[in-house]
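What follows is a single structure, written as structure tokens, with notes after it.
The values are calculated or read from the model by the stated rules, or taken from the named source; none is laboratory data. The structure presented is a predicted model; accordingly, all values stated were derived computationally and were not measured. Cβ placement follows ideal geometry from the backbone for every residue including glycine, while neighbour counts extend to all protein chains displayed.
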Amino acid sequence: MDPDLPHPAIAANLALVRERIVAAARQADRAVNDVELVAVAKTHPAAFVRAALVEGQFTFGENRVQEAAAKYPALRAEFPQLRLHLIGPLQTNKALDAVRLFDVIETVDRPKLAAALAAAMTKLGRRPDCYIQINSGEEPQKAGVTPADAAGFIAECRTKYDLPIKGLMCIPPVDQPVAPHFALVREIARRCGLEKLSMGMSGDFETAIRLGATSVRVGSAIFGARPLAASQAAP
Ligand SMILES: *Cc1c(COP(=O)(O)O)cnc(C)c1O
């Protein structure tokens, strides 16, 4: 497929995902506007993002700083409403670029990164919202703080680093039912007084909405399958 041409199914896929979000919110007795769709465009070309933008989808997720830096500046000039969420692991040496590029950084998970983000925000005078990533399944290969460490780390981010912590994000283990993970993360957010919950992907966003997600990160259901190597490298 020509990467400069938009995927022909994006508009229809997007409409279907929106319908499913509306239905899930209704079923959960929640306001539809309380659930934001973050369209995850990682590995896909800017033309795909543009195809979603012209359908009125303005919020996107990317998991790599460098990929976002290459893809979005031109689109932002054309669509000032565009908002970008970082949903992948962040190295401290990319904190400055991340603060410059993203509106929400969903993957804050360690003191060294919190310190680097705080320094970058001071330097740039820009304060993107931050979410704490919770490793709800305590998987050794996965980023995020453990549920047991969450409250302490959130307090540290607020008091020591003065970060604008707004919510939590999680990626449950692939081989387990997701609902208990979403419920656990929602409970941590409630205890810590955080409003935003980034939970749910293409395979499980309806469950996440039922359990309180305020944003869902949906990639393949909108943009189609990702190239295999890229999707393996991604979390
Ligand atoms: C890739 C990715 C998604 C989207 O996954 P799909 O299954 O394609 O919807 C969501 N969240 C994170 C953190 C991702 O890396």
How do the pairs read when you match residues in the stretch 199-212 that are farther than 16 Å from A31 by Cβ with residues anywhere that are within 11 Å of the ligand (Cβ to nearest atom) and among the polar types (S, T, N, Q), using Cβ under 9 Å and keeping only pairs 6 or more apart or on different chains?
M199/S215; G200/S215; M201/S220; S202/S220; G203/S220
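A quick yes/no check of all residues on (1) touching a Ser or Thr at 6+ places or on another chain (Cβ under 7 Å); (2) outside any loop (DSSP other than H, G, I, E, B); (3) modelled with pLDDT under 95:
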{"position": "P140", "(1), (2), (3)": "no, no, no"}
{"position": "I154", "(1), (2), (3)": "no, yes, no"}
{"position": "R158", "(1), (2), (3)": "no, yes, no"}
{"position": "P177", "(1), (2), (3)": "no, no, no"}
{"position": "H181", "(1), (2), (3)": "yes, yes, no"}
{"position": "R186", "(1), (2), (3)": "no, yes, no"}
{"position": "L194", "(1), (2), (3)": "no, no, no"}
{"position": "R226", "(1), (2), (3)": "yes, no, yes"}
Can you pull out every residue in the stretch 18-27 that is hydrophobic (A, V, I, L, M, F, W, C) and buried (at least 16 other Cβ atoms within 10 Å of the Cβ)?
I21, A24, A25
Please go through (1) at pLDDT 95 or above; (2) small (G, A, S); (3) not in a loop (DSSP other than H, G, I, E, B) for G56 and return the number of the only condition it doesn't satisfy.
(3)
Single unsatisfied condition, S202 versus (1) within 11 Å of the ligand (Cβ to nearest atom); (2) exposed (fewer than 14 other Cβ atoms within 10 Å of the Cβ); (3) at pLDDT 95 or above; (4) small (G, A, S)
(2)
When residues of the stretch 76-106 are limited to those that are aliphatic (A, V, I, L, M) and either surrounded by fewer than 16 Cβ atoms within 10 Å (Cβ to Cβ) or outside any helix (DSSP H, G or I) (or both), the one nearest to the ligand (Cβ to nearest atom)
I87
Of the residues A155, A183, A148, A221, which single one is within 10 Å of the ligand (Cβ to nearest atom), of a type in the set (A, V, I, L, M, F, W, C) and surrounded by fewer than 19 Cβ atoms within 10 Å (Cβ to Cβ)?
A221
Taking only the stretch 166-180 into account, find how many residues are away from the ligand (no atom under 16 Å from the Cβ) and either touching a Phe, Trp or Tyr at 6+ places or on another chain (Cβ under 6 Å) or at positive phi (or both).
0
Going by the structure shown, is V35 under 14 Å from V216 (Cα atoms) and either free of Cβ contacts under 8 Å to residues at least 24 places away in the same chain or away from the ligand (no atom under 14 Å from the Cβ) (or both)?
yes
